[in-house]
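Q: Sharing a structure, written as structure tokens. Questions coming.
The values are calculated or read from the model by the stated rules, or taken from the named source; none is laboratory data. What you see is a predicted model, and the numbers here were worked out from it, not measured in a lab. Every residue, glycine as well, gets a Cβ built from its backbone with ideal geometry; the counts of neighbours run over all protein chains shown.
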């Protein structure tokens, strides 16, 4: 399963998620408002797109309307209050993922 994690800058939340989940899926991360924002190709390659805030889901819909309708996009509602690798962030990500960590075949 290919999972693309997206946050605003791809510095803390999505980058941490990529690190945490790379052992159970093909995990990648991207940002919406950074120097190299998420691309149509990255969205197309993902089986599941995980955004950290609902506003990011809306931004994906604006940028990639035809792809948006074909993708499973989940919002984990993790606020931008953490730094990269922060234990509390890792815990929040694992909690949102549920069985993904214990059952690699389970789709988010």
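Q: Return the residues of the stretch 73-87 that are out of contact with any helix residue (DSSP H, G or I) (no Cβ under 6 Å at 6 or more places or on another chain) and either surrounded by 12 or more Cβ atoms within 10 Å (Cβ to Cβ) or more than 16 Å from residue 17 (Cβ to Cβ) (or both); say none if nothing qualifies. So that I can check it myself, show each step before the final result.
A: The initial filter retains those residues of the stretch 73-87 that are out of contact with any helix residue (DSSP H, G or I) (no Cβ under 6 Å at 6 or more places or on another chain), namely 74, 77, 79-81, 83, 86-87.
Hits for the stretch 73-87 are 74, 80, 86.
Q: To continue, here is another question. Exactly one condition in (1) modelled with pLDDT of 95 or more; (2) in contact with a strand residue (DSSP E or B) (Cβ under 8 Å, 6 or more places away or on another chain); (3) closer than 23 Å to residue 94 by Cβ is false for residue 82; which is it?
A: If we test residue 82 against (1) modelled with pLDDT of 95 or more; (2) in contact with a strand residue (DSSP E or B) (Cβ under 8 Å, 6 or more places away or on another chain); (3) closer than 23 Å to residue 94 by Cβ, just (2) comes out false.
Q: Is it the case that some residue within the stretch 56-75 is under 14 Å from the mean Cα position of the chain (by Cα), under 11 Å from residue 7 (Cα atoms) and part of a loop (DSSP other than H, G, I, E, B)?
A: There is no residue in the stretch 56-75 that is under 14 Å from the mean Cα position of the chain (by Cα), under 11 Å from residue 7 (Cα atoms) and part of a loop (DSSP other than H, G, I, E, B).
Q: Kindly provide the set of residues from the stretch 37-54 that are farther than 10 Å from residue 4 by Cβ and touching a residue at least 24 places away in the same chain (Cβ under 8 Å), ordered by number.
A: Of everything in the stretch 37-54, those that are farther than 10 Å from residue 4 by Cβ and touching a residue at least 24 places away in the same chain (Cβ under 8 Å) turn out to be 40, 52, 53.
Q: Scan the stretch 1-19 residue by residue and report those that are within 13 Å of residue 89 (Cα to Cα) and at pLDDT below 95.
A: Listed by number, the list is empty, since nothing qualifies.
Q: Across the stretch 10-55, which residue is surrounded by the most Cβ atoms within 10 Å (Cβ to Cβ) among those that are part of a helix (DSSP H, G or I) and in contact with a helix residue (DSSP H, G or I) (Cβ under 8 Å, 6 or more places away or on another chain)?
A: The first filter runs over the stretch 10-55 and keeps only residues part of a helix (DSSP H, G or I), leaving 13-21, 40-45, 54-55.
If we keep only those that are in contact with a helix residue (DSSP H, G or I) (Cβ under 8 Å, 6 or more places away or on another chain) too, we end up with 13, 16-17, 20-21, 40, 43-44.
Details: 13: 32, 16: 23, 17: 29, 20: 20, 21: 24, 40: 11, 43: 20, 44: 12.
Ranking the candidates gives 13 first.
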